[in-house]
Structures are given as structure tokens and as C-alpha cells.
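Novice: Okay, here's the structure, questions in a sec.
Here, each number is a calculation from the coordinates, and none is a lab measurement. Because the structure is predicted, anything quoted here is derived from the model rather than measured. Neighbour counts run over all protein chains shown; Cβ positions are idealised from the backbone, glycine included.
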Amino acid sequence: MAKLKSSQDILLMRDAGQLAAKTLQYLGELVKPGISTEALDKAAYEYIKDHGAIPSPLNYRGFPKSICTSINDVICHGIPSDKEILQEGDIINIDVTVTLKEFHGDTSKTYLVGNTCPPDRLKVYNVAQESIARGIAVIEHAKRIGDIGYAIQSYAEAEGCGVVRDFVGHGIGKGFHEEPQILHYGKPNTGVKIMRGMCFTVEPMINGKDWRHRMMPDRWTAKTVDGSPSAQFEHTLAIVPGGIEILTALKGDSIMERVKELGGKVMWPNNL
């Protein structure tokens, strides 16, 4: 069962979400050819600690770093390393979660590295952005979780891409991962009913071709089975009176703007 949040809970989750978003924005400014993912991890750790919070992934179920860095054919949970150096034309997803005043804020974004990008990587980057926007746009009180997955899957597969099945969005609050699970594929009008007070992430992982994954020996890093690129964007949402508050959106967020174009009932975090 989903843990419904009070208005006070959502205020605290807003603070956590905004810090996660600002951390991600800060890291995005550092993304360029020649930087290591270890350097990004250290920058994230210092930024989060300097703002009075804790990086949620660090030591979570044994994960050894503060953020996840997933490059090119890595779908998710890539482990930062000083041996992993960003190259011109790479795409990298950076996944940030912070714990602030007991509540979690979770967000991720895929970045283009440098000034050029191979067509297959650019395509999956664009499809992933549109996928999350379409998923968020259908969310409202009394609809169902299956509507989110259907909106994402029907679009992404029409573009020739695969929607990852084995990693999903999730409820969030004082727990890093809570109920309900948010599938990024499915049928409309199925699944858990969406209710005010729910807080959860939408974070579709879109592969260039095959939706399946293979696990690396570290038991964290998931890659595409066919070597095709993968991209992901993620936001934490709260279902509030009047619509949806995107807790991890900063002013000018392109996904937020696209959701509004699609008719989604979304609000900036200061409009609760």
C-alpha cells in the first residue's frame, strides 16, 4: 500500500527534491570530455554534505558511491570510477538522491558530452525526454498507474525504442523505495489508483533497440543486451489538490514545460 503524505510531509519532500535538483544541475555544469565519473561523485558528495544532507545511495544495500553514473549502453546503476573518463560524443545519465530532514528527493538526467553526438545516442536521448513528459502528463487523481506505463510504452515503441521492464519507478518519502511500483509499460486503466498524498518517481529507461538488460559482475551495473545506447530522465512527484507538483523541477525545466504543452496538470514546487 502507498504511504500517503501529509501537506507537512510534502513540504519537507519539496526541500529534499529541490536540493537533489540543484545537485544535479551543479553536476551537469561539470560534465565535459576528460572528467572522470569519480570526480563527479566526489563533487556530488561534497555539495550534498555542504547543504546539510546525505547522499542516499552511499552504502545503500552495499552501493559504494554517492551517485550513479551510467554511460552510453549502461542502463542504470553505473558505479563511478577514476578509470571512467568521459569522451566527446558520450551520453551519461547522472542519478542523484539526497536525504534531507529524513525525506528523500530523487532525480536523474541524461547529458550529452561535448559538442557532437552519434545519431543513435541523440535519438534515444530525445525519446527518453519525450517519454517521461508523456508519462507525467497523464497523471491525475483517480487515474491509475497503468496509464503512465501505457503513455510511455506506446510512444517509445512507436519510435523503435525499447522500454526497460526490470527497473521501475517507486513510491518515495522517508523510505528510499516505497510502494507503489511505477511500471513504465502496461495497459491503460490498470494498476493502483492514483490518490492525493501519493509521492513517487517516474523514471523510464529507454533503450535504443532491445528492452532487455544484462548484469555486470559488480551486480549493480545493468547494460543493454545488444550494445545499443540507453537514456533516462527522472522526477519525483507529489499528487496534491489541483494536480501534480514536480518536486525536483527547477525553473526552466524543459520536461516540465513539455508536460504543460501536453496538457498535464503540473505545478512548480512553490505552488503547493
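Novice: Got a sec? Which of Arg219, Arg214 is without any contact (Cβ under 8 Å) to a residue 24 or more places away in the chain, in a strand (DSSP E or B) and out of contact with any helix residue (DSSP H, G or I) (no Cβ under 8 Å at 6 or more places or on another chain)? Steps first, answer last, please.
Specialist: Numbers: Arg219 fails: in a strand (DSSP E or B).
Matching residue, one of Arg219, Arg214: Arg214.
Every residue, every condition in (1) under 23 Å from Thr201 (Cα atoms); (2) free of Cβ contacts under 8 Å to residues at least 12 places away in the same chain; (3) of a type in the set (A, V, I, L, M), yes or no:
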| position | (1), (2), (3) |
| --- | --- |
| Lys22 | yes, no, no |
| Lys32 | no, no, no |
| Asp50 | no, yes, no |
| Val74 | yes, no, yes |
| Gln87 | no, no, no |
| Thr97 | yes, no, no |
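Novice: Moving to a separate point now. Need the failing condition index for Glu130 against (1) surrounded by fewer than 21 Cβ atoms within 10 Å (Cβ to Cβ); (2) more than 17 Å from the chain's Cα centre (by Cα); (3) outside any loop (DSSP other than H, G, I, E, B), just the number.
Specialist: (2)
Novice: Within the stretch 156-179, can you find the residues that are more than 11 Å from Thr201 (Cβ to Cβ) and part of a strand (DSSP E or B)?
Specialist: Gly162, Val163, Glu179
Listed here are the residues, each with its yes/no results for (1) over 22 Å from Asn93 (Cβ atoms); (2) touching a Ser or Thr at 6+ places or on another chain (Cβ under 6 Å); (3) of a type in the set (A, V, I, L, M, F, W, C).
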site	(1), (2), (3)
Gly208	no, yes, no
His213	no, no, no
Pro217	no, no, no
Ser228	no, no, no
Leu247	no, yes, yes
Lys265	yes, no, no
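Novice: Could you please find all residues in the stretch 248-257 being under 12 Å from the mean Cα position of the chain (by Cα) and within 16 Å of Asp15 (Cα to Cα)? Working first, answer last.
Specialist: Of all residues in the stretch 248-257, those under 12 Å from the mean Cα position of the chain (by Cα) come to 248-249, 255.
Thr248, Ala249, listed by residue number.
Novice: If you don't mind, another one. For residues in the stretch 16-47 being touching a strand residue (DSSP E or B) at 6+ places or on another chain (Cβ under 6 Å) and farther than 22 Å from Ile71 by Cα, which is surrounded by the most Cβ atoms within 10 Å (Cβ to Cβ)?
Specialist: So, considering only residues that are touching a strand residue (DSSP E or B) at 6+ places or on another chain (Cβ under 6 Å) and farther than 22 Å from Ile71 by Cα, the one surrounded by the most Cβ atoms within 10 Å (Cβ to Cβ) is Gly17.
Novice: Here's a follow-up. For His184, work out the one condition from (1) surrounded by fewer than 17 Cβ atoms within 10 Å (Cβ to Cβ); (2) in contact with a Pro (Cβ under 6 Å, 6 or more places away or on another chain); (3) not charged (D, E, K, R) it doesn't fulfil.
Specialist: The single condition His184 does not satisfy is (1).
Novice: Condition first: buried (at least 22 other Cβ atoms within 10 Å of the Cβ) and more than 24 Å from Val96 (Cβ to Cβ). Can you find one or more residues in the stretch 250-264 that meet it?
Specialist: no
Novice: Please enumerate the residues belonging to the stretch 196-213 that are among the aromatic types (Phe, Trp, Tyr) and farther than 26 Å from Ile10 by Cα. Lay out the reasoning, then the answer.
Specialist: If we filter the stretch 196-213 for residues that are among the aromatic types (Phe, Trp, Tyr), which is where we start, we get 200, 211.
Scanning the stretch 196-213 gives a single hit, Trp211.
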